[in-house]
Every structure is written in structure tokens, then in C-alpha cells.
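Student: Here it is, the structure in full.
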Amino acid sequence: MVVEVLACRTGCGACCIAPGITRPFFGMPQGKPPGTPCVHLDAQRRCGLYQDVRRPAVCRTFKPHVDVCGDSAEQALELLNYLESASRPETSL
Ligand code: SF4
């Protein structure tokens, strides 16, 4: 099996907007609701906590992949929004 791993796309930030983060973390004590930009996403769509130990574990383990990142930031946002809604327990597709 070939697994295609991308380098993170500059100026994207889709993975810091679409997915929800259920656990509280620094700056977002209620966690991050799906579809809401993280408070640490800066104007250039870079993570302000990237080298910080307070960056959530879920962010540190996320790996870019063509299946979720697509060919553009817009496509990544669409794919990740779809996956987020499809993985909600109350959602049946
Ligand atoms: S902490 Fe950084 S990597 Fe995690 S969602 Fe926020 S901006 Fe993105």
C-alpha cells in the first residue's frame, strides 16, 4: 500500500478550522467547536502554538494527506468539514 503524505500547505489552516477539538486547551477552555478557527491561528494561517508544549496532542499528531488536504486550501476545508460532520455520532449519511 502506498501512503501519500504531503508537506503542510502554506497559508491553509483548514485543519485548524474545520475539525472540533473536544478537550479544553490553552486559550480555548471549552475546546474548539467544529468550523471555528482556533484562537491560535494567525493572519497568515500559521499556528501560534506550533513549538509550544501547550499545543494540543491532536494537533501534534495530525499528518497532512491528500485524502484530507486535497489540492487546495478550499478543497481541504470542504473535505475536513465533510469528515467532521460525517463522524458526529448523531449523523447518519
Ligand atoms: S493549536 Fe495550532 S495546530 Fe492546533 S488547531 Fe490551534 S492553530 Fe491549529
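Student: What are the pairs with Cβ atoms under 6 angstrom where one residue, in the range 49-61, is more than 15 Å from residue 37 (Cβ to Cβ) and the other, located anywhere, is within 6 Å of the ligand (Cβ to nearest atom)? Sequence gap at least six, or different chains.
Tutor: 55/49
Student: Taking the range 34-82, which residues are among the acidic types (Asp, Glu) and either near the ligand (Cβ under 9 Å from one of its atoms) or surrounded by 15 or more Cβ atoms within 10 Å (Cβ to Cβ) (or both)? Give the derivation first.
Tutor: Restricting attention to the range 34-82, the residues satisfying the condition of being among the acidic types (Asp, Glu) are 42, 52, 67, 71, 74, 78.
Selection gives 42, 52.
Student: Collect the residues in the range 42-71 that are under 15 Å from residue 6 (Cα atoms) and of a type in the set (S, T, N, Q), keeping them in residue-number order.
Tutor: 61
Student: Condition check: part of a helix (DSSP H, G or I), in contact (Cβ under 8 Å) with a residue 40 or more places away in the chain and within 13 Å of the ligand (Cβ to nearest atom). Does residue 8 satisfy that?
Tutor: Taking the combined requirement at face value, the residue does not satisfy it.
Values quoted throughout were computed directly from the atomic coordinates according to the rules given, and no laboratory measurement underlies them. All of these numbers come straight from a predicted model, not from anything done at the bench. Here the Cβ is made from the backbone with ideal geometry for all residues, glycine too, and neighbour counts use every protein chain on show.
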